[in-house]
Amino acid sequence: QKEVEQNSGPLSVPEGAIASLNCTYSDRGSQSFFWYRQYSGKSPELIMSIYSNGDKEDGRFTAQLNKASQYVSLLIRDSQPSDSATYLCAVNLIQGAQKLVFGQGTRLTINP
Amino acid sequence: DAGITQSPRHKVTETGTPVTLRCHQTENHRYMYWYRQDPGHGLRLIHYSYGVKDTDKGEVSDGYSVSRSKTEDFLLTLESATSSQTSVYFCAISDPTIPTGRAFFGQGTRLTVV
């Protein structure tokens, strides 16, 4: 079982709709969870971090964490063409040292 | 932008030759990571370091070694490059004492093994 798993997509969403991205992780001791966005040919950039169960909102982005189900999600409201990118879920696995592990990424396309 | 620099940015090398990629940071962050990125695989962890001379393996460490003799530098060496190691390599840094624990990435190194 991979430590962090995402649906690799591609996911296609019409402009103005809600895009929903999902991620599961295997280590119950994980404490920190992140969503990165990566445009083609660029480096990943952090868009959301979440540490406790529930929802965390930042502008059009909402991260949701359910530690009991080992599940993290990202919602993008009022999707814009500029949101078209690959979204990477990352988890800090506590195995002595902190090991930052990524899922395989979900490619999202917002259609005008 | 975080002070993290990868060198070289692009490299073409021949099968069987050794290759060293360098990651340099000016942020004094404790953790440094090397990832490779291939289509459909996201970022896969090769090796990481949690301090000077303290390193550990990631999920795809075979054929790679690392060294960290100074806080600011983390070197990735391909002992004998193979075509399967053609990839984009990213270095990242993080510091768990910073509340967000976020990681910052370098610009990436595109390595082609022919």
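Read-outs throughout are calculated quantities, based only on the coordinates presented, and are distinct from any laboratory measurement. Treat the numbers as computed from the prediction; the structure is a model and nothing was measured. Neighbour counts are summed over all protein chains in view; Cβ atoms, including those assigned to glycine, are modelled from backbone coordinates with ideal geometry.
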Two-site label geometry, A:I18 and B:T20: point separation in nm, points 7 Å out along Cα→Cβ: 5.3
Unit Cα scatterers, Debye sum, chain B: log10 I(q)/I(0) for q = 0.17 Å⁻¹: -0.76
C-alpha center-to-center spacing [the stretch B:9-28, the stretch A:43-112] in angstrom: 29
Sparsely packed GluC sites (Glu not before Pro) within the stretch A:3-36, loop by DSSP, other Cβ within 10 Å at most 13: A:E15
Coil-residue chymotrypsin sites (Phe, Trp or Tyr not before Pro) of the stretch B:1-95, DSSP, other Cβ within 10 Å capped at 10: none
Average Cα contact separation per residue, chain A, under 8 Å, 6 or more apart, as relative contact order %: 38
Mean separation of Cα contacts under 8 Å, 6 or more apart, over the residue count of the stretch B:1-84: relative contact order %: 32
The stretch B:44-114: GluC sites (Glu not before Pro) in DSSP loop, at most 13 other beta carbons within 10 Å: B:E59, B:E79
Shielding score for A:42-49, defined as the mean number of other chain Cβ atoms within 10 Å: 5
q = 0.32 Å⁻¹: log10 I(q)/I(0) that the Debye formula gives for the stretch B:50-91, counting C-alpha atoms only: -1.29
